[in-house]
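In what follows, a structure is listed as structure tokens, so that the remarks can point back to it.
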Amino acid sequence: RQKLYRELRDKPCVTKDGAPVDLLMNAGLAVDLPQLTQSGASGIGLFRTELQFMVALTFPRVEAQERLYREVLDAAAGKSVTFRTLDIGGDKVLPYFNVSQQEENPAMGWRALRLTLDRPALLRTQVRALLKAAGGRELKFMLPMVTQVEEIHQARQIIDREVRHLSRFAHHLPTRLKLGAMIEVPSLLWQLDELMQAVDFVSVGSNDLFQFVTATDRGNTRVADRFDPISVPFLRLLRQIVQAGKKHGTPVTICGELAGKPISAMALMGVGFRSVSMSPSAIGPVKAMVRELPMQDLTDWMEKALANNSSKTDIRAGLVEFAKDHD
Ligand code: PEP
Ligand code: MG
């Protein structure tokens, strides 16, 4: 199998009926970078910048941040990279940063964009490091845990301010800036039109979105696997996001763990995703699946399955059957 995946590495990722699918990888540290060529990923769909902060003994200085981001962009050599701004708080604790108040529900607490908007110096420093590292290249920012569209405008103001600051000192700026939002908090589902107009792209964080939609703690083994994301309600919800993206011409990707298992990835293709980001080791198996996939048949199959009002519809079992039938 490993040999097969290696052979597939440089082959195009298109379905049997010719639909191209973009397979990106998730990363977070310099050690992940060789995987970019080894896996055959077409870019980094999620760079978790908080990992550098989590392995450090104190806040990484702006120079250290810039160095890492430059290394990432150099390794990507023109492939697309999406940098997620700091997603600390919740389960991602920094031993040297005291969230002074004990939180009863840290996953829903002072974390990610909430925290960096309240501590703008943190965000400004990171934005500056990113802008400098990406001089002369395209730069994609992605905001975690967005809850209302207004937060995107606030983050944009911080970014714009740093751009103005650097240009005043004649710094070499990125050729192009793109700002995206993660869809992880259910409230965004009722602001999809406004959201799609406010950003250059969105990416579904299926780990957190599923956690909050189903009210099941992703880290609690007693409940984490109780409900299946490959199910009618969650897939309907994902389809709705894809459709809103299409309506506004806003690119939509997904970067939670869901994309990394062939059957789940198939479900995602079925509801319309054409760009998915996953751990590098999943790229080979998912690419093998995509190249065997009759996309139109799958799309038709999924449409019927999601229109079915029976609460017993077992999408996962149905997809396994579909895969066997089309082998
Ligand atoms: C997610 O929530 O799906 C996601 C990609 O972010 P993280 O797993 O880092 O919270
Ligand atoms: Mg998340």
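The values are calculated or read from the model by the stated rules, or taken from the named source; none is laboratory data. These figures come from a predicted structure and were not determined experimentally. With ideal geometry, Cβ positions are generated from the backbone for all residues, glycine too; neighbour counts draw on all protein chains shown.
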Criterion first (closer than 25 Å to A307 by Cα, at pLDDT 95 or above and either of a type outside the set (D, E) or assigned to a strand (DSSP E or B) (or both)) does T253 satisfy it? yes
One residue is enough: does the stretch 260-269 have a residue meeting the conditions without any contact (Cβ under 8 Å) to a residue 12 or more places away in the chain and of a type outside the set (S, T, Y)? no
Could you list, ordered by first residue, the pairs with Cβ atoms under 6 Å in which the first is in the stretch 19-30 and surrounded by fewer than 23 Cβ atoms within 10 Å (Cβ to Cβ) and the second is modelled with pLDDT of 95 or more, at least 6 apart or interchain? A19/M295; P20/V14; D22/S42; D22/S275; G28/R48; G28/L51; L29/L51; A30/E71
For the condition more than 16 Å from ligand 1 (Cβ to nearest atom), surrounded by fewer than 17 Cβ atoms within 10 Å (Cβ to Cβ) and not in a strand (DSSP E or B), what is the one hit in R124, R128, R161? R161
Can you name the condition, by its number, that P233 falls short on among (1) part of a loop (DSSP other than H, G, I, E, B); (2) free of Cβ contacts under 8 Å to residues at least 40 places away in the same chain; (3) away from ligand 2 (no atom under 16 Å from the Cβ)? (1)
Odd one out for L86, checked against (1) within 26 Å of A27 (Cβ to Cβ); (2) surrounded by fewer than 22 Cβ atoms within 10 Å (Cβ to Cβ); (3) among the hydrophobic types (A, V, I, L, M, F, W, C): (2)
Looking at the stretch 186-222, which of its residues are assigned to a loop (DSSP other than H, G, I, E, B), touching a helix residue (DSSP H, G or I) at 6+ places or on another chain (Cβ under 6 Å) and within 16 Å of ligand 2 (Cβ to nearest atom)? R218
Restricting attention to the stretch 80-95, the residues that are touching a residue at least 40 places away in the same chain (Cβ under 8 Å), assigned to a loop (DSSP other than H, G, I, E, B) and either within 13 Å of ligand 1 (Cβ to nearest atom) or touching a Ser or Thr at 6+ places or on another chain (Cβ under 7 Å) (or both) number exactly 4
For L177: the one exception among (1) hydrophobic (A, V, I, L, M, F, W, C); (2) out of contact with any Ser or Thr (no Cβ under 6 Å at 6 or more places or on another chain); (3) touching a residue at least 60 places away in the same chain (Cβ under 8 Å); (4) not in a helix (DSSP H, G or I): (3)
